[in-house]
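One structure is given here, and the rest of the page talks about it.
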Amino acid sequence: MELELDQLRVGRFGVFCYLVTESGSRETMIVDPGADADKILARIRERDARPRWIVCTHAHPDHVGAAAVVKSETGAALVMHSKEAKALGRLTHRILVRLTGGRPAPRPDLLVRDGDRLEIGSCEAWVLHTPGHSAGGICLLAEGNLFSGDTLFVGSVGRTDLPGCSRAELSASLREKVLSLPGDTRIWPGHDYGSHPTRLLAEERRENPFLRQILAAQGEEKG
């Protein structure tokens, strides 16, 4: 069976929410329901999808604001890395979610770590722990598609000037987890900060200045 992908821009911060649906079973993984729950739920109905997982690549308010409503309406399990989950209960986080127009997310049903896999019908999504933009940030690799959250954008990378960020960790995540993937891996980012909503990893290696810098440093180390 194949995966059907829907890319939805939601909320005032232009987050990309994804519906990843296995064509046979109609089982679906929802990635980063940051806002606009009605829009997400409408697409689920249009697709005749059966949500099994709601995965937040990290806990920043713009990526979790619609998780509570989508979970309540679909019964799907909320998934997050353990290092992100503890942020959900903090008062400051809950206030920020409200200020960005969302509802605080409930406690996750499943905490994942690097190397875990989520079944979507007959397909699988592999969890890659990619800290840097946030301590428990993850990417999801499914059938040659990388849902990269705020780790990697088209033409850019996640910012590292916020609390809990680390430029060194982000560089290591990109070098060890992302750049090692095949060049025909398609990148589906958490925001649209470039002129393309998606691009192949081979193109990012050539054109993304941040990845080029990491690759150049690797070359110097080997030389």
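Tabulated values for the structure
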quantity	calculated
Residue tally, condition in contact (Cβ under 8 Å) with a residue 24 or more places away in the chain, part of a loop (DSSP other than H, G, I, E, B), surrounded by fewer than 24 Cβ atoms within 10 Å (Cβ to Cβ) and not β-branched (Val, Ile, Thr), over the range 143-161	4
Unmet criterion (only one of (1) part of a helix (DSSP H, G or I); (2) over 25 Å from His81 (Cα atoms)) for His196	(1)
Check on Leu118, in contact with a strand residue (DSSP E or B) (Cβ under 6 Å, 6 or more places away or on another chain) and without any contact (Cβ under 8 Å) to a residue 60 or more places away in the chain	no
Identity of the residue in the range 22-59, part of a loop (DSSP other than H, G, I, E, B), in contact with a helix residue (DSSP H, G or I) (Cβ under 6 Å, 6 or more places away or on another chain) and not acidic (Asp, Glu), that ends up surrounded by the most Cβ atoms within 10 Å (Cβ to Cβ)	Pro33
Any hit, the range 174-196, residues being out of contact with any strand residue (DSSP E or B) (no Cβ under 7 Å at 6 or more places or on another chain), surrounded by 15 or more Cβ atoms within 10 Å (Cβ to Cβ), modelled with pLDDT of 95 or more and at negative phi	yes
Sole residue being more than 26 Å from His93 (Cα to Cα) and part of a strand (DSSP E or B), chosen from Leu118, Leu128, Leu111, Leu140	Leu118
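The values are calculated or read from the model by the stated rules, or taken from the named source; none is laboratory data. Note that the structure is a prediction, hence the values are computed from the model and not measured. FYI the Cβ positions are ideal-geometry reconstructions off the backbone, even for glycines, and counts take in every protein chain you see.
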